[in-house]
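Novice: Take this structure first; my questions come after.
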Amino acid sequence: MLFWAAGLRGCRSPSEREIRVYAIVRSGGRQHKVAVGDTVEVDKISTAKVGDTVELSTLLVVDGDAVTSDPWVLAGIKVQAEVVDHHKGQKIDILRYKNKTGYRRRQGHRQQYTAIKVTAIPAAAK
């Protein structure tokens, strides 16, 4: 049987495919693809301390071949994650310059992030 034709290159048989559960979550105005055990950097969650558990709203859940994107079903599904660390990102230099006028401005910025580790992705009710 030709498994490469179905887009399964590298797999010997369908039973050897790994069933991977992942979710698309929203945090801080951004969307992140997460799976259980992943560590993800999100915008700083100021109310959470290191070791706390946070819940992230879910936009999509993929469980093997089952894809759940219905907002009514996803309203009850919250991805559980543990806060690992609060830290600052890389420094960004902002330079403004106008020619022939002597106008120069220099500014820096470091975004604050929270590192979270995903502990559970609940299954959608069928």
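Novice: Order of Ile77, Ile92 from fewest to most other C-beta atoms within 10 Å?
Specialist: Going from least to most buried by this count: Ile92, Ile77.
Novice: Would you work out which of Thr68, Gly37, Thr114 lies farthest towards the positive end of the dipole of region 17-120, given +1 charges on the beta-carbon of Lys and Arg and -1 on that of Asp and Glu, about the Cα centre?
Specialist: Checked the options; the winner is Thr114.
Novice: Rounded to whole Å and ordered largest first, report the semi-axes of the equivalent ellipsoid of region 17-120 derived from its Cα gyration tensor (root of 5λ).
Specialist: Gyration-tensor ellipsoid for region 17-120: 37, 17, 12 Å.
Novice: Pulled fully out, how much extra length does the chain show between Ala66 and Arg104, if you take 0.36 nm times their separation in residues and subtract their Cα-Cα distance?
Specialist: Here the answer is 8.1 nm.
Bear in mind these aren't lab numbers, they're just calculated from the coordinates by the rules spelled out. Nothing here was measured: the structure is a model prediction, and the numbers come from that model. Cβ coordinates were reconstructed from backbone atoms using ideal geometry, including for glycine residues, and neighbour counts include every protein chain displayed.
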